[in-house]
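I have placed the structure first, in the form of structure tokens, so that the comments after it can refer back to it.
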């Protein structure tokens, strides 16, 4: 690149000077120097997060070193663990985590066409919120009215996630809310599947052949009705991915809570 260093005039080796990366005398990095001459900004380093498992102060705020300040604030908020966590709470959280693993895998293995999820407690508790979602989104037009039922099933756990994660700083419970959101993708996938060949009796007491069916109308409007089974498979896979994200997040928080467990919080 240079026959001699442009900073200290050190002569470079007679052979291979065109491939030299830096000056052996003053350490000048030729690539950065060349970019500076033409005012090409050097690409910033990839943001790095280093989490110290030991609390850095009495409030339990972790040391998180990251170049992007906005990303650092998000990381501190959603990876926060108090300096001390009561042991009984850690063990209860571990039990809840185990239940999400058990039921999450069980829900994922349920048959989509048969809509086995419709007989589970996760489905039954969401039916009222699904119907309320239709009413909530009614002012935004016919399509959003139809979509509002499904949106409500996703937005409900998302709202609780933000509440526990941002307001209460309880990130383990927030991870459970993310897991809950993942189960709603699993719950709605059979509804989308049923749109192609309606078989299931809906709340109206009829099938989609002669009654209202959210996904027949929505997928029809979007031109995806013939791809209903493919849409259902994508929703089903998305549910598993969301739950896996929740398990990774919750498992990380739980491990750090275990490291900070105490009999009583002072």
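For region 121-157, a tally of residues being over 22 Å from residue 220 (Cβ atoms) and in contact (Cβ under 8 Å) with a residue 24 or more places away in the chain returns 7. Tell me which residues, restricted to region 237-253, are in contact with a helix residue (DSSP H, G or I) (Cβ under 6 Å, 6 or more places away or on another chain) and either surrounded by fewer than 20 Cβ atoms within 10 Å (Cβ to Cβ) or not assigned by TED's automatic domain parsing to the domain that holds residue 178 (or both). Listed by number, the residues that qualify are 238, 240. On the basis of being assigned to a loop (DSSP other than H, G, I, E, B), modelled with pLDDT of 90 or more and either under 25 Å from the mean Cα position of the chain (by Cα) or in the same structural domain as residue 257 (by TED's automatic domain parsing) (or both), does residue 113 make the cut? Yes; evaluated as a whole, the condition is true for this residue. The residues of region 78-108 that are free of Cβ contacts under 8 Å to residues at least 24 places away in the same chain and farther than 26 Å from residue 203 by Cβ, listed by number, are 88, 91, 92, 95, 98, 99, 102, 105. Tell me, yes or no, whether region 159-182 has at least one residue that is under 19 Å from residue 217 (Cα atoms) and assigned to a helix (DSSP H, G or I). No, because not a single residue in region 159-182 is under 19 Å from residue 217 (Cα atoms) and assigned to a helix (DSSP H, G or I). Please determine whether any residue of region 135-147 is part of a helix (DSSP H, G or I), within 23 Å of the chain's Cα centre (by Cα) and more than 23 Å from residue 247 (Cα to Cα). Within region 135-147, one or more residues are part of a helix (DSSP H, G or I), within 23 Å of the chain's Cα centre (by Cα) and more than 23 Å from residue 247 (Cα to Cα). Does region 95-107 contain any residue that is farther than 21 Å from residue 184 by Cβ and more than 20 Å from the chain's Cα centre (by Cα)? Yes - at least one qualifying residue is present in region 95-107.
The values are calculated or read from the model by the stated rules, or taken from the named source; none is laboratory data. Since this is a predicted model, take the numbers as computed values, not measurements. Glycine gets a Cβ as well: all are built from the backbone with ideal geometry, and neighbour counts include every protein chain shown.
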